Amino acid sequence: MRKQFTVAAVSLLILSSSYSFASDNPSKATTEEDTKGSIEQQITKATATAPINEATKSTKGSVTVKGQKIDYTATAGTLTIRDNEGVPIASVFYVAYTTNAGKNRPITFMYNGGPVSASLWLHMGSIGPMRVRTTSPEHTGPAPYTLTPNEETILDKTDLVFIDAIGTGYSRPLGKTKGEKFWGVDQDVDAFARAIKRYVTINERWNSPKFLFGESYGTTRSANLVNVLQNQGMDFNGVILMSSILNYGIRQPGFDNIYTAYLPSYAATAWYHNKIQNKPADLSAFVEQARQFASGEYAVALAKGHNISLNEKQAIANKISYFTGLSTDFILKSDLRVNLSRFRKEILRDSGVTVGRFDSRFKGFDEDDAGENPEFDASSTNITSAFVSTLRDYLTKNIGYKTDLEYNNSASSAYHEFRWDWKHNNGKGVQQMPDVAMDLGNAMRQNPHLKLLSLNGYYDMATPFFATEYDISHIPMPEQTIKNISFKYYPSGHMIYLNEDAMEPMVKDLKDFYDIAAPKK
């Protein structure tokens, strides 16, 4: 039953629809019929609800990988998840790509982070059978955009299911259930666990090798989710973490680990932008030097706090300057602790540009060159329209999935009441800020066959790779299980797939991982 609109609400819709129409075509007068149609469309979108009955729309497609043609079915649909009493609580939207290679073929569940971002980034940009082309790290520009078959897909190794978190994409709460029921570390994992089990059940995939693939906060989700699902009787073959954050405690005030964690990423960024004196030719070797300094002399110096001597402070500042390209004076004024926003603003200040947070290869132009922090993130604004527009066009035009719901890029921007509950119960007590590396360790100790692949971009300034290395290396784990962990690095940022030069080696690493984690029998 549709909600009743007040006169004020309808008036607001009239104003907004008239403004939108005038902006789109200022040379054409707005007629009463035009306005009426626009109002009715907006009221429908505002009052539309997700379907309780599961709905799907499918189409056939093909992609050629290394000369091999792969036929697949693309399915956009919804999964109805229920609480323990069987009451429907949410409709979860997904897009799946499956082949006819049999029910025992590997299947991979993929999602982005946010913590509540839709899965459009991985879906449209990474390893699916279709991929939007960008001009990264330059601004991709406005439509029309180019969507092409993706010869770097891994559909030859695994079926793929892209899932939108509740409140994002077309995923919505049902009935009287509120969004906050799903907006939290453990609440989110509970919903994903129910959705994955539902998909596996209705598609008869319980006997398929299973993988989780998360990006950004999606890695936080994966580390928690694999532990939860395995405790519910669903073991996994592998977990793939792209651009990870596993321990949010590192970001609390008063701890210095965040500064040592960022130092190698600062060094890689300075290397890329030619801010290193006598720049070495090998990026990986230079980054390794930065790692050694960060975990050695730099960590020791920061641990001394204000008890550090002036001579030692000067010596450490000089070395930080070498690795980061920042002036020694700026580093000393920052008390040897340069936060990310200041670094992004300062590193190329003499050129009047800032560097991106998600990908420091990107450059932005601020209104105020003298400011302390960047005014926006060019690595986000340069690509957002290409991904959002292409996904929206693809779902309706290529797959034929139509709904009156609005596709939400994120829940945080779509809901005024959005609040994320950061508390996490790891089985040993409630954490105020989650450290899910412990959950991942529990999953790997209980399932010694579980393989872990960590994918990292050198220029990722949102989730620095050195922090990931630290978190995973501190998971209590027997010697025989450590061999199940592998790290890979690429000349790219948070969204590794934005760099064409990174795609081929990354896909090779992924396919090698699948061969190890789910060998053909």
Residue, modelled with the lowest pLDDT, within region 449-488, restricted to residues that are β-branched (V, I, T) and assigned to a loop (DSSP other than H, G, I, E, B):
I475
Just to be sure, is L263 touching a Leu at 6+ places or on another chain (Cβ under 8 Å), surrounded by 15 or more Cβ atoms within 10 Å (Cβ to Cβ) and farther than 30 Å from T99 by Cα?
no
So E215, is it surrounded by fewer than 17 Cβ atoms within 10 Å (Cβ to Cβ) and either at pLDDT below 95 or assigned by TED's automatic domain parsing to the domain that holds Y394 (or both):
no
Flag if Y298 is touching a helix residue (DSSP H, G or I) at 6+ places or on another chain (Cβ under 9 Å), touching a residue at least 60 places away in the same chain (Cβ under 8 Å) and either outside any helix (DSSP H, G or I) or hydroxyl-bearing (S, T, Y) (or both):
no
Close pairs from region 123-137: first under 18 Å from F109 (Cβ atoms), partner of a type outside the set (D, E) and assigned to a loop (DSSP other than H, G, I, E, B), Cβ under 7 Å, at least 6 apart:
G125/M495; I127/T153; I127/I154; G128/N150; G128/T153; P129/N150; P129/T153; P129/L155
Filter region 337-362 down to residues that are buried (at least 19 other Cβ atoms within 10 Å of the Cβ) and within 21 Å of K313 (Cβ to Cβ), then give me how many there are.
3
Among the listed residues I240, I245, I250, identify the single one that is farther than 24 Å from L122 by Cβ, within 20 Å of the chain's Cα centre (by Cα) and either at pLDDT below 95 or not assigned by TED's automatic domain parsing to the domain that holds T328 (or both).
I250
Answer residue from region 204-230, given it is in a loop (DSSP other than H, G, I, E, B) and touching a residue at least 40 places away in the same chain (Cβ under 8 Å) and is nearest to I240 (Cα to Cα) among those
P209
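The values are calculated or read from the model by the stated rules, or taken from the named source; none is laboratory data. Remember, predicted model here, so these are calculated numbers, not experimental data. Note that each Cβ is placed from the backbone with ideal geometry, even for glycine, and that neighbours are counted across all protein chains shown.
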